[in-house]
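I have placed the structure first, in the form of structure tokens, so that the comments after it can refer back to it.
The values are calculated or read from the model by the stated rules, or taken from the named source; none is laboratory data. Computed from a predicted structure; not experimentally measured. Don't worry about glycine lacking a Cβ; one is built from the backbone with ideal geometry, like all the others, and counts go over all protein chains shown.
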Amino acid sequence: MMAKPFFRTVYDVPREEYLAPGHGLCAGCTAGTIVKLLLKVAGPNTIVVNATGCVEVSTTPFPYTSWKVPWIHVAFENAAAVASGIESALKALKAKGVIDPSKRINIIALAGDGGTYDIGFQALSGMLERGHKVMYVLYDNEAYMNTGIQRSGGTPVYAWTTTTPVGKILKGKIQQKKPIAEIVAAHKIPYVATANPGYFTDMMNKFKKGLEVNGPSFIHVIQPCTTGWKFDPRYGIVLARLATETALWINWEEEEGQFRVTVSVPRRKHVRHYFELQGRFSHLTEEEIEAIQKEVDLEVDKINKLVGRTVIGPLVE
């Protein structure tokens with residue numbers, strides 16, 4: 001039986017703020033929204049291990065910090081390893097009576113796509129296999145935005161980046177986006193989910209579940225980036241919702257092996273509605289857009305069969 005969601009409306013969101021204003025994230029950056037709501041769920045008894053990336057560099061310009069909880073900056077590649085060490089250290093301190101054994105301390109590893117799909121994947125896989133009680137949150141802006149908008153394993157096919165240019169020969173990235181959440185789910189950990197700040201209560205409920213499971217959890221959050229995606233800053237949440245409305249991003253969770261879609265889409269929009277707001281896709285031809293639409297249709301069929309009913313509905317232009 002699926003538990004009732006803890007967060008139902010905006011009125012259920014805690015008022016306490018653990019991410020201070022005045023950070024240097026871009027205007028319209030949805031990473032700030034994701035982290036702000038993440039910390040509202042986690043609360044003050046939280047340690048954040050933050051890999052190098054947009055959030056790290058924008059929230060801690062020396063000598064200032066926006067973090068009101070214990071926070072440590074680590075390299076691109078070792079967020080999961082450092083979080084594993086902190087979790088093990090807390091276990092030892094509780095066993096020795098230095099820390100009250102009943103005290104709950106949340107450990108969150110926070111990284112972008114570069115530090116997760118690519119550079120940090122080995123450490124992540126090791127953390128999952130060992131079973132550390134750490135929640136790993138991936139904010140996925142689909143490129144190395146902090147270092148110059150280079151392509152990553154999370155960059156979608158045909159997307160422009162500075163290392164997948166658009167010209168006479170290349171038409172953006174030629175490889176498909178790596179299915180990182182499915183790869184993580186293959187580790188058979190207690191909880192894996194995809195989330196979207198455009199559906200903030202669904203996202204917050206997943207953060208809460210991830211923190212409460214006995215073992216590792218992984219939350220993969222889409223994060224529209226106004227700079228790298230080339231859109232008007234006011235459209236960040238609009239684009240986030242369009243990603244789900246077109247089924248390019250499906251919100252699901254796998255809890256103790258049970259898979260479910262958490263945000264149903266009765267009538268899908270065509271993928272062109274998502275692409276037309278982003279400069280990184282402005283070069284796409286109608287043929288390329290239709291090719292992507294066919295791939296999405298196949299994924300929708302797979303998900304509906306997996307769930308056993310129509311949770312993602314038919315395409316409506």
Exercise. Say whether the condition of being within 30 Å of residue 103 (Cβ to Cβ) and of a type in the set (Ser, Thr, Tyr) is met by at least one residue in the range 216-224.
Key: yes
Quiz item: Considering the range 131-150 alone, what residues qualify as being among the β-branched types (Val, Ile, Thr), outside any strand (DSSP E or B) and under 20 Å from residue 194 (Cα atoms)?
Solution: 134
Quiz item: Which number in (1) in contact with a Gly (Cβ under 9 Å, 6 or more places away or on another chain); (2) hydroxyl-bearing (Ser, Thr, Tyr); (3) surrounded by 21 or more Cβ atoms within 10 Å (Cβ to Cβ) marks the one condition that residue 235 misses?
Solution: (3)
Exercise. Might you check whether a residue that is within 18 Å of residue 284 (Cβ to Cβ), of a type outside the set (Asp, Glu), in contact with a helix residue (DSSP H, G or I) (Cβ under 9 Å, 6 or more places away or on another chain) and crowded, with 23+ Cβ neighbours inside 10 Å occurs anywhere in the range 161-180?
Key: no
Self-check item: Among the residues listed as 174, 250, 183, the single one being over 23 Å from residue 32 (Cβ atoms) and more than 16 Å from the chain's Cα centre (by Cα)
Solution: 174
Quiz prompt | Filtered residues of the range 185-218 (kept if closer than 28 Å to residue 235 by Cα and crowded, with 24+ Cβ neighbours inside 10 Å) | solution = 192, 193, 194, 195, 196, 197, 198, 203, 206, 207, 218
Self-check item: Residue in the range 153-162 that is in a strand (DSSP E or B), closer than 23 Å to residue 26 by Cα, β-branched (Val, Ile, Thr) and touching a Ser or Thr at 6+ places or on another chain (Cβ under 8 Å) present
Solution: yes
Quiz item: What do you reckon, is residue 57 under 17 Å from residue 32 (Cβ atoms), out of contact with any helix residue (DSSP H, G or I) (no Cβ under 7 Å at 6 or more places or on another chain) and either hydrophobic (A, V, I, L, M, F, W, C) or buried (at least 19 other Cβ atoms within 10 Å of the Cβ) (or both)?
Solution: no
Self-check item: Per-region count, the range 141-158, residues within 18 Å of residue 180 (Cα to Cα), in contact (Cβ under 8 Å) with a residue 60 or more places away in the chain and crowded, with 23+ Cβ neighbours inside 10 Å
Solution: 3
Self-check item: Scope the range 1-48; condition aromatic (Phe, Trp, Tyr) and either in contact with a helix residue (DSSP H, G or I) (Cβ under 7 Å, 6 or more places away or on another chain) or at pLDDT 95 or above (or both); matching residues
Solution: 6, 7, 18
Practice problem: Scan the range 163-186 for residues that are within 16 Å of residue 115 (Cβ to Cβ) and not in a loop (DSSP other than H, G, I, E, B) and jot them down. | Solution: 180, 181, 183, 184
Quiz item: residue 300 fails exactly one of the following numbered conditions: (1) under 27 Å from residue 4 (Cα atoms); (2) surrounded by 14 or more Cβ atoms within 10 Å (Cβ to Cβ); (3) over 23 Å from the mean Cα position of the chain (by Cα). What is the number of that condition?
Solution: (3)
